[in-house]
Amino acid sequence: MATLKRDLGKLSGYATIIGILVGAGIFRVTGEAGAVAGSAVPWAYLLFAPIVLSTALAYSVFISTPLGMRPGGAYIHISRTFGNYYLGFIAMWMKLLAFIGAISFMSTSLGEYMTFFIPGTDPRLWATITMVFFYGVNLFGVRHYGHIQTAMLAVLIFSILVLVIPGLFAVDLSYYDPLLPKGFNGLLKAMPMLFFSYAGFETLAQVAGETKNPTKTLPMIFVKGVLASVFIFFFMAFVAFGVLPADTLAQSQSAMADASAVYLPPWGSNIVAIGAMSAFLTSINGSILVPSRMLFVFSEDRLLPTFLAAVHPKWRTPHISLIISGIICTGLVWSKSAYFLMSTGLIGIFIIYIIQGLALIAMPTVNKPLYESAGFKPPVWVLYLLGGITVISMGFFMAQIIADVFLWTLGGVTLGTLVYFLGRSAGKKEGFDYEARMAKDFQLVEQETV
């Protein structure tokens, strides 16, 4: 039976995490956030730094354990920490909805950007072409994904340098007087919206099973990748709100390109526009990794049908899961349902971070061997601090938007629960031993601590 191939190296890892973070969010929602927080948006990005870094460190701890050799990310971390399949499944189910919606939404947004170059075309057509291409790349091997992701990130970084370096000299500091034009409340209200820029960094954990030496390399990639993205976010937003009024940016569909037009010649603005497209492309390419690997690991644990864990004998990728997730995302684009699913899914991402934080807090007592097996093992009080920051901050952000999507969220949880029990019932009828499956990972952890 073919297995997933470990073809992703350090460079591809950094290209994945930075490419997803410095992607559609910073280009799409930064201007919109100006309507809520005014020119305080750059400070909101900085305020996120300790929050997202705490969450990233939580993933670093789990990835440094023997569980870090497995695909599945937070699902494996949560289910094996608590010895509970359902808790890991329902959290990751909501994240699955988030990423399917995000892929469709970002592809549609890219299609809208394409009308900047080719007016009058249907954004959904460009979205479909983009997804077919990237799903094809991912289908033919994770190595090809890594090469293309790295190349696109290089284009993106170049465009950001073109935007930021000259822009720093064009900033009018009067736009930042006062620092909080809509008060601290405005700053806080903008943060759930801006969180879309930071969401998805944990994608890298989903492909731990395809990364070379993941327990050694991924922990630091999480930390350094998040820190690099924080600085990029801040300087991009600082330049944008320093050269154009917040009200102008709030009404723009291409805030960064409009800001660069203030101080760059036409060719410079075109480079920034190309950079924005590269941001969407790196986000889409990286995000495509996630749904298929979730379906794959759910199937491995026999919570979904076994064919979803099929691995192509030549390409060594979960080809069935990739094809199915591609069909779903394309359908969402043409039905224009991606936005609603993404809004609900954002709650799912908050949920997964909250439960991951709780798992980090619980690990030293609930699963001490797992804690002892970690290569990156901060003191227990540090785990409490990191987990506490994650749980409290993500809980706050979730409370800000839950009222708007409560019914959608309830529907997602209900559907996920139904899928779980149907899958588990089918697995039991087939004779699948869930206790033995869980015990196998526990034994692996205990062997590493001896």
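Bear in mind these aren't lab numbers, they're just calculated from the coordinates by the rules spelled out. Small disclaimer: the values here were computed from a predicted structure and weren't measured. Cβ atoms come from the backbone with ideal geometry, glycine included; neighbour counts cover every protein chain shown.
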Quiz item: Tell me, what HN-Hα J-couplings in whole Hz come from the Karplus equation 6.51 cos²θ - 1.76 cosθ + 1.60 at θ = phi - 60° for each residue of the range 220-236, using x for Gly and Pro?
Solution: 6, 5, 4, 5, 5, x, 5, 4, 4, 5, 4, 5, 4, 4, 4, 5, 5
Quiz item: Percent relative contact order of the chain, based on C-alpha pairs within less than 8 angstrom and at least six residues apart?
Solution: 34
Practice problem: Starting with the highest mean, order 99-105, 414-420 by the number of other Cβ atoms within 10 Å, averaged over the residues of each peptide. | Solution: 99-105, 414-420
Quiz prompt | Efficiency of FRET between LYS377 and LYS428 - r from beta-carbon atoms, R0 35 angstrom, step 0.05 | solution = 0.45
Quiz item: Just PHE201, PHE238, PHE396 to compare: in a GNM of the chain, with alpha carbon springs under 10 Å, which one fluctuates most?
Solution: PHE396
Exercise. Would you mind calculating the gained length between THR248 and ALA228 on full extension (0.36 nm times residue separation, minus the Cα-Cα distance), in nm to one decimal?
Key: 4.4 nm
Exercise. Given the options ILE18, ILE355, ILE165, state which has the largest fluctuation in a GNM of the chain using a 10 Å cut-off (strictly under) for Cα springs.
Key: ILE165
Exercise. Please list, or write none, the lysines whose alpha carbon is within less than 17 Å of the alpha carbon of LYS10, excluding same-chain residues fewer than 8 places away.
Key: LYS212, LYS216, LYS224
Quiz item: Net charge near ILE349, counting Lys/Arg +1 and Asp/Glu -1 over other residues with Cβ under 13 Å of its Cβ?
Solution: 0
Quiz item: How large is ³J(HN,Hα) for each residue in the range 17-23, as worked out from phi by the Karplus curve 6.51 cos²θ - 1.76 cosθ + 1.60 (θ = phi - 60°), to whole Hz, x for Gly and Pro?
Solution: 6, 6, x, 6, 5, 7, x
Practice problem: Read phi for every residue in the range 294-303 and hand back ³J(HN,Hα) as whole Hz from Karplus 6.51 cos²θ - 1.76 cosθ + 1.60, θ = phi - 60°, with x for Gly and Pro. | Solution: 5, 4, 4, 6, 4, 5, 4, 8, 6, 9
Exercise. Find how much the distance from TRP408 to ALA439 grows on full extension, using 0.36 nm per residue of separation minus their present alpha carbon separation; answer in nm with one decimal.
Key: 7.6 nm
